[in-house]
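The values are calculated or read from the model by the stated rules, or taken from the named source; none is laboratory data. Everything quoted here is computed from the prediction, not taken from an experiment. Note that we place each Cβ from the backbone using ideal geometry, even for glycine, and neighbour counts take in every protein chain shown.
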Amino acid sequence: MTSCHSDDDQRASEWGERVAAWLEELDLAAHLAEAGLPSYTRDAQGRAVWTDPNTGDPLTSDQLRQLDGVLHNEGDDPAYAVPVPLVQIAQRARVRKKLLASPVHDYQSLAELRGASVNATRFAVHKAAEANELLVLTTDERIMLPAFQLTSSGEPRTEIVAVLKPLLAAGMDPWNAWAWLAQPAALLGGQVPERAAADPEEADLVRHAAVRLAERVAADS
């Protein structure tokens, strides 16, 4: 019996290391838990120790083999296929990290920019957010207002309000709205919406693209 367990442990270790190394090469390992998949840590010897998210028990060799199959079930060639949902989660995480590195305001910094009190600024932000005229996000219980949507005096940019309103009214996730506005958009031939909106010759095109995107969001909800 001891030999049997030893063999299974060895197989589990080999499978676990193989899958872990593959995921690390793809830079996907950090996103397993968010995808609802078993995750692993490295022990003192650097070996991958996989854990069942439901029971907290170590995965057996059979479970690791099944996990490997699940992760490789996308694409024409299983040897090179990647788990699409996991890749999408990783991509969202990279985009969010990039967005968080861009200029943002909280109530305090916006109040200073406006030359107003924090309470008055908080009320104005809530009012604008309720009207879908201001993009407000929360992370780690911290309020963030992406700075790109504001003028130098801290007021909402008129051209951004026209683009933002249909997106938020359609129920678009604020993070997705931020990502679309601040990155090159396919609907605009690779232009960044918030920049193109400031160009009078491009503003109508940006608004049209926002309406089309909002219709797609509403249809999917």
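From the residues in the range 173-221 that are polar (S, T, N, Q) and either assigned to a helix (DSSP H, G or I) or at pLDDT 90 or above (or both), which one is nearest to Arg96 (Cα to Cα)? Explain how you work it out, then say what you get.
Here is the first cut: in the range 173-221, the ones polar (S, T, N, Q) are 176, 183, 191, 221.
Okay, now just the ones that are also either assigned to a helix (DSSP H, G or I) or at pLDDT 90 or above (or both), so 176, 191.
Details: Asn176: 9, Gln191: 19 Å.
Out of the qualifying residues, it is Asn176.
Given the structure, is Arg114 modelled with pLDDT of 95 or more and within 28 Å of Asp220 (Cβ to Cβ)?
Here the answer is no, as Arg114 does not meet what is asked.
A residue that is among the small types (Gly, Ala, Ser), farther than 17 Å from Ala197 by Cβ, outside any loop (DSSP other than H, G, I, E, B) and free of Cβ contacts under 8 Å to residues at least 12 places away in the same chain occurs nowhere in the range 95-104. If the condition is being under 16 Å from Ser13 (Cβ atoms), in contact (Cβ under 8 Å) with a residue 40 or more places away in the chain and part of a loop (DSSP other than H, G, I, E, B), then the range 27-59 contributes only Leu59.
Each row is one residue, and each column tells you yes or no for (1) in contact (Cβ under 8 Å) with a residue 12 or more places away in the chain; (2) part of a helix (DSSP H, G or I); (3) closer than 17 Å to Val217 by Cα.
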{"position": "Lys127", "(1), (2), (3)": "no, yes, no"}
{"position": "Asn132", "(1), (2), (3)": "yes, no, yes"}
{"position": "Thr138", "(1), (2), (3)": "no, no, no"}
{"position": "Val161", "(1), (2), (3)": "yes, yes, no"}
{"position": "Gly171", "(1), (2), (3)": "yes, no, yes"}
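Hey, any hits in the range 180-199 for a residue that's in contact (Cβ under 8 Å) with a residue 60 or more places away in the chain, touching a strand residue (DSSP E or B) at 6+ places or on another chain (Cβ under 6 Å) and crowded, with 17+ Cβ neighbours inside 10 Å? For the range 180-199, residues in contact (Cβ under 8 Å) with a residue 60 or more places away in the chain, touching a strand residue (DSSP E or B) at 6+ places or on another chain (Cβ under 6 Å) and crowded, with 17+ Cβ neighbours inside 10 Å: absent.
Taking (1) within 22 Å of Ala214 (Cα to Cα); (2) touching a helix residue (DSSP H, G or I) at 6+ places or on another chain (Cβ under 6 Å); (3) not hydrophobic (A, V, I, L, M, F, W, C) in turn, Gly154 satisfies each apart from (1).
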